[in-house]
Every structure is written in C-alpha cells, then in structure tokens.
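> Input: one structure, supplied below.
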Ligand code: MG
C-alpha cells in the first residue's frame, strides 16, 4: 500500500471500498464478527447490567509522543466503561477519512487499534467507513462505541461520593494535554514527555478487589478540575483538595506557567479519580500502588459536606482557593 492514498471512491460503497476493507481494515482488525460484514454484529453478553458508551476522536496531530489516535480511541472508550465498574467487551469503530490520506498511515492507526483492543481484552465487532473531500477533515477522525457488563454487586456512580470519602488519583496530572501540545511543534517546545494514554480497566479491577469504590471518573477533557466539579455537583457534596498533594511533573508545570495554563485543567488519558470510603482507602491505595499504572497513586483530598459543585484547594500556608469549572477547552483537539 506504499504511496497509496484514500480517494473518494474508497467511501463509495462499491468495489474500491470493499478492497479497502478486504486489504487494509479486515487483515489488521480481523474479528470474526467484523469480517462477516453483517449489518449488525450479534453476540452473547454475560450476566449483569450492560454499560454502553460512545466517543469521537479528533486529536491533532494523529501521532503524538506516547500514542496515536488509534490507541487513544480504544483507551478512551475502554476507560469510560471501566469508570462505572464495567468489564469492557465489544467496540465499534467508525472511520471518517479525508480524501488523500495515506493508506500507510491508516494502517498504522488500525494496527494500534488492534493492539490496544487485544490488550484491553475487547473485540472490535462492527464498523463503518466514510470518506470526505480533501480539506473537509484532518486525515482521520474516529468514533468508537463500547459495550461492557457490570458484574453484580458493583455500584459505582459519579453521584456516589459521600462526605468522609477520600479522593485518590493514580499519578501525575496533565501529561496527555502537554505531550500533544509538544507534539504539535507550534511553540517550539522541547520536553521529554509522553502522553499518559493507557487502559485503566486492569487497574480498576484490582481496586475493586481491594475495597469499595463509591465514585470514579477519568479526568480527560477539562482535566482534574472538571472531573471534580462534576463529581461534587452529582454527589451533592463539596470537595477539598490539598495543594501540596497534587502531583504535577516539573516539565508540565513549566510549560503551563509559560503558556498561562493551569495543569488542573489539562487533559489526561490514563488517569482516574476515585472516591473511596475512609475504611477501605488504605487497601485500595495499596492495591493501586501495586499496579503498573498506579505506582504514583496518592490521596489528594476529601469529600466534605458542603455545597454541590464547590471544589476548593487548601494550601498549607495560604487560604483556600475555589476551582472554577472550565468554560471551554484550553487546548482544542487534544482527544
Ligand atoms: Mg470519561
């Protein structure tokens, strides 16, 4: 496929499209359900409540330090399922391709989708391919929907945090957004930093084995600040963070200071925020630290009784500062 590019005919539903599926998409994704080319995949679900989510990915650039749009699409959707305690099972893959996009690059993205789906233990069972004219998209956009099952006894909800709960995060904040920014080479930034893009379902399983988790959220767009505001509002309780405990790498802090950004508002793609009852907090924290993606886990604050949506940062010396909800995205197209 060297040198070959996407043409409008690849989206036409005719022989060129069938060739693209046969020669490029199916060999790389190759799920038995996908290649039957039925109008809809059929599958059996194990017992439990069904979790269902969807996400679109428009990240720029398509390849960034620590990942690419394919990895991001799988991780983003798997993580959203994991945040409600679901075991992810099936994904769909919708591709919107720009005329002129190199098929070699498409193959790279699809290889990444296949690799991360395999690691997550999910199957890509259905998909769709559309092509738009040159200039009407930026290479490739991806939409993924995901289905999972929540095993009986799990009851995790964004509205489940309660006063007294401890807030735990599994590591450094803001790596994804800043890595993508560095990858754009717009500001001539030089920083040895990779996106934290990762699959969180394994970490979640080990947390839930260790104790009871009341609420979880992956702080993606809008960063930790948006995730906490949402949790506080949904759970009708206030949140207090300890400034000194908020983990931000030196490099990320430096770039943020230079560009006037707040690391608490920067996107993450491999982080989770959990509200855990005080009784189980140590056990859950220990389980997290024992997992590869949780080595830097720490308690960053508490849920307290107070106004819904009120998130404050307490410093050792100074007074409290209130976190605002971000009004928009500081960095567009980071996911
Ligand atoms: Mg999410």
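> Out of everything in the range 64-83 that is assigned to a loop (DSSP other than H, G, I, E, B) and either away from the ligand (no atom under 15 Å from the Cβ) or surrounded by fewer than 21 Cβ atoms within 10 Å (Cβ to Cβ) (or both), what residue ends up being nearest to the chain's Cα centre (by Cα)? Spell out how you get there, then give the answer.
As a first pass, look at the range 64-83 and keep what is assigned to a loop (DSSP other than H, G, I, E, B): 65-66, 83.
This time we only want the ones that are either away from the ligand (no atom under 15 Å from the Cβ) or surrounded by fewer than 21 Cβ atoms within 10 Å (Cβ to Cβ) (or both), so: 65-66.
Numbers: 65: 16, 66: 13 Å.
Among residues in the range 64-83 that are assigned to a loop (DSSP other than H, G, I, E, B) and either away from the ligand (no atom under 15 Å from the Cβ) or surrounded by fewer than 21 Cβ atoms within 10 Å (Cβ to Cβ) (or both), the one nearest to the chain's Cα centre (by Cα) is 66.
> If you go through the range 296-320, how many residues are loosely packed, with under 15 Cβ neighbours inside 10 Å and either over 28 Å from the mean Cα position of the chain (by Cα) or not assigned by TED's automatic domain parsing to the domain that holds residue 280 (or both)?
Final tally of qualifying residues: 8.
> Which condition number does residue 145 fail, the rest of (1) assigned by TED's automatic domain parsing to the domain that holds residue 281; (2) within 15 Å of the ligand (Cβ to nearest atom); (3) on the phi < 0 side of the Ramachandran plot being met?
The number of the failed condition is (1).
> What number of residues in the range 114-147 are under 21 Å from residue 35 (Cα atoms) and either surrounded by fewer than 19 Cβ atoms within 10 Å (Cβ to Cβ) or within 21 Å of the chain's Cα centre (by Cα) (or both)?
Let us first name the residues in the range 114-147 that are under 21 Å from residue 35 (Cα atoms), namely 114-131, 142-147.
With the extra rule that they be either surrounded by fewer than 19 Cβ atoms within 10 Å (Cβ to Cβ) or within 21 Å of the chain's Cα centre (by Cα) (or both), the set shrinks to 114-128, 130, 142-147.
Matching residues across the range 114-147 total 22.
Residue-by-condition table, conditions (1) more than 16 Å from the ligand (Cβ to nearest atom); (2) surrounded by 24 or more Cβ atoms within 10 Å (Cβ to Cβ); (3) touching a residue at least 40 places away in the same chain (Cβ under 8 Å):
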{"residue": "192", "(1), (2), (3)": "yes, no, yes"}
{"residue": "202", "(1), (2), (3)": "yes, no, yes"}
{"residue": "219", "(1), (2), (3)": "no, yes, yes"}
{"residue": "222", "(1), (2), (3)": "no, no, yes"}
{"residue": "227", "(1), (2), (3)": "no, yes, yes"}
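> Residue 61 is checked against (1) under 24 Å from residue 174 (Cβ atoms); (2) more than 16 Å from the ligand (Cβ to nearest atom); (3) buried (at least 20 other Cβ atoms within 10 Å of the Cβ) and fails just one. What number does that condition carry?
(3)
> Looking at (1) at pLDDT 95 or above; (2) on the phi > 0 side of the Ramachandran plot; (3) surrounded by fewer than 16 Cβ atoms within 10 Å (Cβ to Cβ), find the lone condition where residue 13 falls short.
Of the numbered conditions (1) at pLDDT 95 or above; (2) on the phi > 0 side of the Ramachandran plot; (3) surrounded by fewer than 16 Cβ atoms within 10 Å (Cβ to Cβ), the odd one out for residue 13 is (1).
The values are calculated or read from the model by the stated rules, or taken from the named source; none is laboratory data. Predicted model only: the values in this text are computed from it and were never measured. Here the Cβ is made from the backbone with ideal geometry for all residues, glycine too, and neighbour counts use every protein chain on show.
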